[in-house]
1. With a bin width of 5 angstrom, please list the P(r) values of segment 85-172 as percents of all Cα-Cα pairs, from the 0 bin to the one holding the largest distance.
2. Under 14 Å from a point 7 Å along the Cα-to-Cβ line of Asp118: which residues of segment 87-104 have their amide N that close?
3. Between Gly165 and residues 5 or more places away or on another chain, which pairs have amide H atoms under 5 Å apart, with H built 1.01 Å from N, and which residues are they?
4. In terms of modelled amide H atoms, which long-range or inter-chain residues lie less than 5 Å from the amide H of Gly134?
5. Between Ala133 and Arg89, what FRET efficiency follows from the Cβ-Cβ distance if R0 is 25 Å, with the result rounded to 0.05?
6. How far apart, in nm, are the 7 Å Cα→Cβ label points at Glu171 and Leu50?
7. Using the number of other C-beta atoms within 10 angstrom as an exposure proxy, rank Leu49, Leu27 with the fewest first.
Amino acid sequence: MAWATGSMTIQLSEVPRPPLTSCESQLTGTQRGYQALDEAGLDVTVKTLLNWLSDPEYNIRRSYRDVIHTAYENVAVVPAEPLPDTIKRGDFEISGWVTTGTDRRQRGTPDAAPLRIDGRRGHWDEIEDLWTAGELTDDKFEDHSIDDVIVEDIGEGSDGWTFDGSRYSVEVR
C-alpha cells in the first residue's frame with residue numbers, strides 16, 4: 001500500500017519492515033499518521049525515515065523532533081473523517097498474487113482477471129473503528145479486509161485468502 005504525503009510517496013510494501021516501534025505504530029503505520037507528519041511539515045528522505053524506524057539509537061535532529069511532536073499532537077487531537085461511502089460501497093479490483101488453498105494465481109494479468117469484490121456486502125464496522133481511532137495499520141487493514149469484506153462477498157475460498165506477493169494493487173471503482 002502506498003501512502004502519499006505532499007512531496008513524498010512511500011510504497012510500504014517495498015520498504016524493509018524493521019521491528020515495530022512506537023513511532024511506527026502511531027505515525028508511519030497509518031495514513032492518518034502520515035497526514036499528520038505532512039501537515040506538521042516533515043520532509044525527509046525514505047532513507048532517513050528507515051534509519052529512524054530501524055535504529056533506536058539513531059540521532060534525530062531537534063528540529064525534526066519538534067515536528068514529530070507536533071504530528072503526535074495532531075493525531076491525538078484531530079478526529080479522523082469517517083470512511084468515505086465510495087470505499088464502503090465500492091467495487092474493488094485486486095491485482096497481484098492471490099492464493100486460496102493450493103490455487104495461487106497472479107490476478108489482473110492478460111491470463112487472469114483481477115479479483116473483484118463488492119464492498120457493499122462487507123462489514124466495515126471494525127475497519128471504521130480502527131480508522132477513527134487512528135489505529136488502522138496496513139496489516140490490520142489487510143486482515144479485516146479479508147475477513148470482513150472479501151469473505152463476506154465471495155466466501156472463504158478453499159482454505160482462506162492470502163495475498164502473498166511482494167506487491168499488489170487495489171482499485172476502487
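1. In order of increasing distance, the bins hold 3, 14, 23, 28, 19, 9, 3, 1, 0 percent.
2. Hits in segment 87-104 for Asp118 at 14 Å: 89-92.
3. Residues meeting the criterion, in which the H sits 1.01 Å from N, are Trp97.
4. Amide H neighbours of Gly134, under 5 Å, 5+ apart: none.
5. My answer for the efficiency is 0.65.
6. According to this spin-label approximation, the distance is 3.0 nm.
7. Leu49, Leu27
Read-outs: derived from the displayed coordinates by stated rules, not from any lab. For clarity, every value in this text was computed on a predicted model and none was experimentally measured. Reconstructed Cβ throughout: ideal geometry from the backbone, glycine too, with neighbour counts over all protein chains shown.
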